[in-house]
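Below is one structure, written out as structure tokens, with a few remarks after it.
Values in this text are rule-based calculations from the coordinates and carry no lab data. Since we're looking at a predicted model, the values are computed, not measured. Don't worry about glycine lacking a Cβ; one is built from the backbone with ideal geometry, like all the others, and counts go over all protein chains shown.
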Amino acid sequence: MRCLVIEDDKQLREYIAQGLREAGHSVDTAEDGKRGLFLATTEDYDVLVIDWMLPGADGISILHALRASDNSVPALMLSARSEVDDRVRGLRSGADDYLVKPFAFEELLARVEVLTARRGGSESAETTSLDCHDLHMDLLRRRVTRAGQSIELNPREFSLLEYLMRHADQVVTRTMLLEKVWDYHFDPQTNVIDVHISRLRQKIDKGHDRALIHTVRGAGYRLSPEQ
Amino acid sequence: MRLLLQRVLRSSSYQVGILFATLMLVGLAVAAYGLLIAADDRLLSEAPEAIQAELRTVGWVMILLLALIFALSWGVAYYVATRFERIAATTGRIIETGNLRERLSVDSSWDDLSKLAVLLNRMLAELEARVDGIKSVSDNIAHDLRTPLMRLRARIEADTEGDTRDELLAELDHTLDIFRSLLRISSIEAGKQPLALTQVDAGALLADATAFYEPLAEEAAVRLVTEVRELTVEADRDLLFQALANLVDNALKFTPAGGQVSCIARGEKDEIVLSVEDSGPGIPVDERDLVLRRFVRLDDSRSAPGNGLGLPLVLAIARRHGGGLELEEASPGKAPPGLRVTLRLPRAAGHRDAA
């Protein structure tokens, strides 16, 4: 996967680039907005990581320019500004996701990988059912079965499992679950997400030889038939 | 009438004024008596007509003068008392809201009371500058330390492994969390960022917050009860949810197994009232203001997880919306009295910016 990182802070740029390379991606970097925009328009990338505040042209102008020329490459916006207003502005300008500094690298990696997978078209609107190994989710009748046995889930557990299944084999972080499943941007103080997951795990994995919900150390969770 | 009497008795300038006025009244009586005597022909019949007339004039002038002084001293007392009351009201409001940007009104510059107001204003300006200084220093510390801590985090991620790595990262993330919360409170208090105001159903928000913490309550064997109804309010959805989440989280932390946490949303005339009450140990009256300050954690709660920034954040969010926060006993008289935290928000927050 080809990534472009546009970030003026040298240390942060190298930190992101190195991390992405270690995760097996090829990475180009740009230290200012002009060079970033040039690379983004001339080369073909799978994902962009763009800082909001940049010398030359800021992140928002870059996105505006790209989207105006029908370039729909997924973009993750980085910003030190955490207010909801800024997040909304960032997303409206054409960013596909928004990450507030400081962040853990796992958070960035998880979001970048989810963005590129989305582009692959696995998440189409017409999907009526989701499968992972012997776990089956019927989105129309809102029913879940594992190995043919029906599993009772409350609406929140259902959406949680749905999100995990839509991003099967990918790491999803606790913050991503908060934002996407609960639809609130807040700091829960206590790790309540872990408790929600362990409840779901009880219903999905208990009594089955193969566990589907895995904890990824220091990052979050992954739904996958493989360990 | 009783109100006037109370005002008169409790104000020092009124007391002086009244003393003066009483003296004048006595003088007035004496003068009137003198006039009566003068009018008495038997005593002054031997005196010439001219002197009699003169005495009468002097008497009348004295009465007029004394009456004037009486009215004047009452007027001055009223004027001074009103100004004192205005100063007291403004000072009280500043203490109440913590808004150091407010100033006393100075209507003249010649008397000591205006000098007092000017002096108090200078003190307020000085206080404001110092508090701002402290705030910006701590904000800068928090902000400037984040970058080196991020680098440290990167190094730990890269160069350590196993349990050590996880422990170090957890410790560091906790520190970063404290900085983030601290900066968040400051940013909300400063009011620099506009609120993302929308019409929000606060009842649904409270129900969502309790649903989010439900598994935690179940694990802790605490009954979580909600009693909500639809309540439309103009608020910042994410901030309000954060405030409610903090309240529920707090209540669950301090409620022993077998206890109960109740979340209630109801509407009053111009405001909505959201309260979370628990059956925990509660907070002694004299410590209730304390827990609203940053980093203050009561001795009993040192063992519980938390950083002492939960309630201050709720308070900042409440004030930013033009509302307030109240702490009281949930069930007064009972053995563990419990705690009820009530968040009051005006229905139209945007029009009353709590700057």
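Assorted remarks:
- Between region A:45-60 and region A:161-193, the Cα center-to-center distance that results, in Å: 25 Å
- Separation of alpha-carbon centers, region B:178-217 and region B:234-257, rounded to whole Å: 8 Å
- Helix A:155-166 axis, angle to chain A major axis (alpha carbon atoms, nearest 10°): 60 degrees
- Count of Lys pairs (Cα-Cα under 26 Å; at least 8 positions apart or interchain) in the protein assembly as shown: 10
- Which of B:138, B:33, B:276, positive extreme of dipole for chain B (C-beta unit charges): B:33
- In region A:100-201, GluC sites (Glu not before Pro) in a DSSP loop with at most 11 other beta-carbon atoms within 10 Å: A:126, A:152
- C-alpha long axis of helix B:112-159 to longest principal axis of chain B, angle in °: 10 degrees
- Placing +1 on the Cβ of every Lys and Arg and -1 on the Cβ of every Asp and Glu, with nothing else charged, gives region B:51-172 a dipole about its Cα centre of roughly 760 debye.
- A simple count of charges around residue A:21, restricted to other residues whose Cβ falls under 12 Å of its Cβ and scoring Lys, Arg +1 and Asp, Glu -1, yields -2.
- Folded to 0 to 90 degrees: helix B:12-39 orientation relative to chain B principal axis, Cα: 10 degrees
- Of the GluC sites (Glu not before Pro) in region B:130-173, those whose Cβ has at most 15 other Cβ within 10 Å and which sit in DSSP loop: B:161
- Highest-MSF residue in chain B out of B:184, B:151, B:86 [GNM, Cα springs under 10 Å]: B:151
- DSSP-defined antiparallel bridges as percent of all bridges, region B:215-355, nearest 5: 75 percent
- Computed from the Cβ-Cβ distance with R0 of 60 Å, the FRET efficiency linking residue B:190 to residue A:131 stands at 0.75.
- Given charges at beta-carbon only (K, R positive; D, E negative), |dipole| of region B:245-284 in Debye: 120 debye
- Sparsely packed loop sites in region A:1-94 (the GluC sites (Glu not before Pro) outside DSSP H, G, I, E and B with at most 13 other Cβ atoms within 10 Å) comprise A:43.
- Residue B:16/residue B:127 FRET efficiency (R0 35 Å; Cβ-Cβ; nearest 0.05): 0.70
- Cα gyration tensor shape for region B:208-304, rounded if a/c is under 1.5, else prolate or oblate: oblate
- FRET E, pair residue B:54, residue B:111, Förster distance 30 Å, beta-carbon r, rounded to 0.05: 0.15
- GNM on chain B, alpha-carbon springs under 10 angstrom: the most fluctuating residue among B:165, B:146, B:288 is B:165.
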